[in-house]
Each structure stands twice: as C-alpha cells, then as structure tokens.
Amino acid sequence: MKRLLPATLFVATAAALAAGCGGSSSSSSSSDSTAGSDTTAATTTATTGGTASGTLTGKVGPGFDIAMDKSTVAAGTYTLTVDDQASAHDFHFTGPGGVDVATDVSETGAKTFTVDLQAGTYTFVCDPHSSSMNGTLTVT
C-alpha cells in the first residue's frame, strides 16, 4: 500500500511547478519521486495558461468522500492540488473555458494542475461514483 508524503511537500511542489509554468499556452509534464521503498508521490501539471494567482485543494477518498477546500473563488489562474487517497476513485474537475482535468482511477497520490477559471460553475466528481461523489465550485 502506498503512503503519501506530508502535505507540505505537495504544497511546496505545487508552488515550484506554478512558478515554472510561465506564460505557456499548453504544456504538461510528469515526474515521480520516491522517498523510501514504499512512499511514492506523482505530480502531473496540466497547464491551460498563465501564472497561478491562487491555490485550491481537492481530496478524494479514502472512503466515499470528495471535497474541495473552497466553494467560491474569484476568476483567475489557480494551482489545483488533488490528494487522491483511493485506487477506486478519481477526481475529475470540469467547467467553463474547456477546463477538464482528472486523476486516474487506479492511481493514488498527489496530482497538481494549473487551471484558468472563468466566471461560472465548475464540477468535481468521482467518475465511477458520480451520483453520490460530486460537488461544485462557483467562480465569480
């Protein structure tokens, strides 16, 4: 069973990735780091443009829980860090402007995405359990 690195490492990683994103219009990178034989963290950045102006945190699992740390934010570019704690779930975030990012169902760990949020309503769901595991983020 995989163990997750402390949340502070993920926040630091997210900040470093956001700083390196610059103004590219579309890019993605992936890196894995291992801190011990059974501790693995995977970070993926999906950039939709711009430099992050805020942070959002999402969580899915270990039970049938899915959540985001904020329910309303101002429009802008955000670093979204998702803590995926169950191999039976994913965290799928979609909304206006073509935002569509997700963790993989079979994987666990932290994933980081940079997303441009426009005014409107965004949804986050666990695709295999979308009727009971879902929520919204309002962007003003």
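Please treat every number below as a calculation from the coordinates, not as lab data. As the structure is a prediction and not an experimental result, all values here were calculated from the model. Counting neighbours? That spans all protein chains shown, and the Cβs are built from the backbone with ideal geometry, glycine included.
For the stretch 48-140, pairs of C-alpha atoms spaced more than 17 angstrom apart make up 42 percent of the total.
For the pair A67 and S132, label points projected 7 Å from Cα toward Cβ lie 1.8 nm apart.
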